[in-house]
Amino acid sequence: MARTEQQSNDRFAGRWFWRFASPAQFYPVAGMIEKICWGLALVLAAVGLYIGFFRAPTDATQGEVYRVIYIHVPAAWMAMIVYLAMAFWCAIGLAFGTRLSFMMSHALAPTGAIMAAVALWTGALWGRPTWGTYWVWDARLTSTLILLFLYIGYIALAAAFDDKKKGDRASALIALVGAVNVPIIYFSVQWWNTLHQGASVRPGSSSMATVMLTAMMIMTFAFWAYCVAVAMNRVRTQIIERERGAQWLGSGKGIKP
Amino acid sequence: MSLTVAARAVFVRELTLFARRKSDWANPLVFFLIVCSLFPFAIGSESEKLKLIGVGAVFVGALLAAMLTLPRLFDEDAKDGSLQHILLSREPLAALILARLAAVSVALALPLAIATPVFSLFYALPTDVALTLAVSVFIAVPTLVLIGAIASALLVSARGGAILTAVLVLPLTIPTLIFGAGAALKVLFGQSPAAELALQAAYLLFALALCPLAAAAALRISTD
């Protein structure tokens, strides 16, 4: 028996990252990642916004309004990426029963929902002067809205259970159902959009100036760093909240309240 | 007990329950009627205007009516203990759930689809449009029931089930809504609805393949 244990320990030893599936092990690492990502997010956002607002030229067709893309486009991208990350952790959690995976997906969900909301909001603010209306039933707008609904459903379902473990697995299942459906919804919305209206107004088809593109990419990395930082912060809170009875927390190891 | 016997027993039991408790399928029908009659009050009674929104109003009305019965899909069985029997059965849970959902789909989709052309009269829809709408409602309701079964199974033991079911399920019904209403609109504009109906049926088949499995997993989670 002892030998088998030894063997299995050896087997696990080669894969050092499995260690971090333990909330106790991951807690300090998450704190480190959080600090680094906050730093990155602040620096990149400062640089990106400076280039975007002061260096990038005024757009020939849209004027100054176009500058909202430095927030809008990264937020829209993050809304999609965060959903994928969330569904990934849900799948891992359901498959291996790892507690930390569910905590990760719970930590990601509010950030993703906020990103979707920010993308919609800034899109509306941009659409008013450019398209003349706050909202059009454009395929991309509609899919982002539906993505926001999926986030809300996930968060609401997770909150509906008194038994946290049950809530974890239930919401994970619904996140996966959503992930399977997202492409179908996306393509059906595109189909519907072409059915009902002609080509919707698009921003000028000319390719973007290099400066604008640079600023946007820097802002995208800033958003990545922000999302990771906030998710790590939230996952640490989750760990403290859920593991409050655990001994490693009681000993005060790595905890800075 | 073989699987076919078990599945048939579940199917027949469900239909018997619907036959004895007529309110289970009659109430959604009444709800459907009332929703359909509300829209004209809100937008006016000119028949040209009504014709344009009629397809969407009737279709959404039918979906919402079917939606109403979803929260109770597993609740009563959980309360009276028959759900435990199904869970403890040796037969695959997904197959038994499929049998159940088939019965619920028939009991809901048939009355709603038959009522659809009648309620379409409120909106002055031409006969061929109304009949296409009936077909697409007949495809949409089972799709909704299949997707809804996942949410309903998850929420057997959760707080605030009814509203949450709607929040979880309605966004996922958008494809069937787009294709179903699109089919009837095509007919309204004198085109063939074949492509839309085929895509709508494809979504139903997709749901048919995955939803019973997901609903079985969901039941295992919530009754854990």
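Angle of helix B:23-43 to the longest C-alpha principal axis of chain B, folded into 0 to 90 degrees and rounded to 10: 30°. Against the longest principal axis of chain B, how steep is helix B:127-154, in degrees 0 to 90 to the nearest 10, with axes from Cα atoms? Helix B:127-154 and the main axis of chain B meet at about 30 degrees. Angle of helix B:47-69 to the longest C-alpha principal axis of chain B, folded into 0 to 90 degrees and rounded to 10: 10°.
So how strong a dipole does region B:31-132 carry about its Cα centre when Lys and Arg Cβ are +1 and Asp and Glu Cβ are -1, to the nearest 20 debye?
60 debye
The lysine pair tally for the protein assembly as shown, using Cα distances under 27 Å and a gap of 8 or more places or different chains, is 12.
Here the 3J(HN,Hα) profile of region A:94-103, calculated from phi with Karplus coefficients 6.51, -1.76 and 1.60 at θ = phi - 60°, is 5, 6, 10, x, 7, 5, 5, 4, 5, 4 Hz, Gly and Pro shown as x. Helix content alone sets the calculated 222 nm mean residue ellipticity of chain B: runs of n ≥ 4 DSSP H residues at -39500 (n - 2.57) each, divided across all residues, give -27500 deg cm²/dmol. Centre-to-centre separation between the Cα atoms of region A:120-141 and those of region A:233-250: 42 Å. For region A:106-121, the Karplus equation 6.51 cos²θ - 1.76 cosθ + 1.60, evaluated at θ = phi - 60°, returns couplings of 5, 6, 7, 4, x, 4, x, 4, 5, 4, 4, 5, 5, 4, 5, 5 Hz by residue, with Gly and Pro reported as x. Shown is the FRET efficiency for A:I155 and B:V12, computed with R0 = 41 Å from the Cβ-Cβ distance and rounded to the nearest 0.05: 0.55. Region B:199-224 and region B:81-140 have Cα centres separated by 15 Å.
Taken together, the values in this text are just the output of simple stated rules run on the coordinates, not laboratory data. Here the structure is a predicted model, which means the values were calculated and not measured. Glycine also receives a Cβ, built like all others from the backbone with ideal geometry; neighbour counts cover every protein chain displayed.
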